[in-house]
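Input: a single structure, listed below in structure tokens.
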Amino acid sequence: MTSPERRYTSLFIDLDNTLWDTIHDNKKCLEELFVDYQFDRHFASFEAFYALYLPYNERLWERYQNQEIDRRTLLQERMLHVLRPMGIRDTRLAMRLNRDLNERTTRHTTLIPGATELLEHVSRSYRLFVLSNGFHEVQSLKMERAGIARFFRGLILSERVGARKPNPVFFDYALHHTRTRRTEVLMIGDSYAADIAGALRSGIDALWYNPAGLPPPGNLSPQFTVRTLDEIREIL
Ligand SMILES: [Mg+2]
């Protein structure tokens with residue numbers, strides 16, 4: 001279901017797990033925390049610690065995305081959850097661990113294969129904007145360090161907007177702020193719920209980066225689906 005009548009002038013692009021490998025980098029950072037804070041005294045292995053952290057963090061992110069919880073609750077709860085088996089219920093320590101974790105994540109910049117080549121290619125023909133639900137203290141610094149900031153005309157972060165993808169308020173803000181009509185923009189992202197369904201419900205075309213080749217979990221169909229970033233260069 002392509003939209004040949006549409007002529008894109010601008011691309012809205014997600015960051016986490018679309019341009020850089022957030023899952024990989026965050027795991028590395030958690031492993032550093034695990035060692036530095038000597039959590040091995042309480043857990044059999046890092047994998048045991050990570051197995052507790054990961055699904056709980058994902059559930060919290062989903063609730064954060066749906067605006068059911070605020071940033072502080074997300075941060076505090078994910079750390080308290082892993083501190084609990086150690087018999088620790090210290091919210092200040094939980095927040096200190098988060099600051100430490102977020103600071104470390106700005107220094108791990110593993111890009112998804114083909115990310116730089118894609119940005120080099122599309123930045124010749126389109127205006128590029130980041131649309132991200134990620135944390136403000138992480139995203140712009142990490143973009144600089146990953147060497148991709150230079151490709152973008154702007155960065156729209158949910159924390160600044162006060163609404164998150166997939167909320168239409170977020171997409172309307174992005175359109176207004178970038179002075180772009182919804183018919184001339186394509187949203188590119190890995191999250192079906194946040195990026196794809198969010199854009200389509202706002203009348204914006206969408207390209208789903210779907211490396212696992214999953215079936216769409218909803219009844220909205222993106223205009224394009226790819227399994228690698230390299231495929232996008234053949235489309236745009
Ligand atoms: Mg993402």
Need the failing condition index for Pro55 against (1) assigned by TED's automatic domain parsing to the domain that holds Glu159; (2) loosely packed, with under 13 Cβ neighbours inside 10 Å, just the number. (1)
Among what's in region 179-198 and is out of contact with any Pro (no Cβ under 8 Å at 6 or more places or on another chain) and closer than 20 Å to Arg227 by Cα, pick the residue that is surrounded by the fewest Cβ atoms within 10 Å (Cβ to Cβ). Ser191
Being outside any helix (DSSP H, G or I) and not hydrophobic (A, V, I, L, M, F, W, C) narrows it down to one residue among Ser125, Ser140; which is it? Ser125
How do the pairs read when you match residues in region 184-196 that are in a helix (DSSP H, G or I) with residues anywhere that are within 7 Å of the ligand (Cβ to nearest atom) and small (Gly, Ala, Ser), using Cβ under 8 Å and keeping only pairs 6 or more apart or on different chains? Asp195/Gly189; Ile196/Gly189
Looking across region 33-47 at residues that are surrounded by 14 or more Cβ atoms within 10 Å (Cβ to Cβ) and in a helix (DSSP H, G or I), the single one that is nearest to the chain's Cα centre (by Cα) is Leu33
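The values are calculated or read from the model by the stated rules, or taken from the named source; none is laboratory data. Fair warning: this is a prediction, and the values are worked out from it, not measured in the lab. Positions of Cβ are generated from backbone atoms using ideal geometry, with glycine treated the same way; all protein chains shown enter the neighbour counts.
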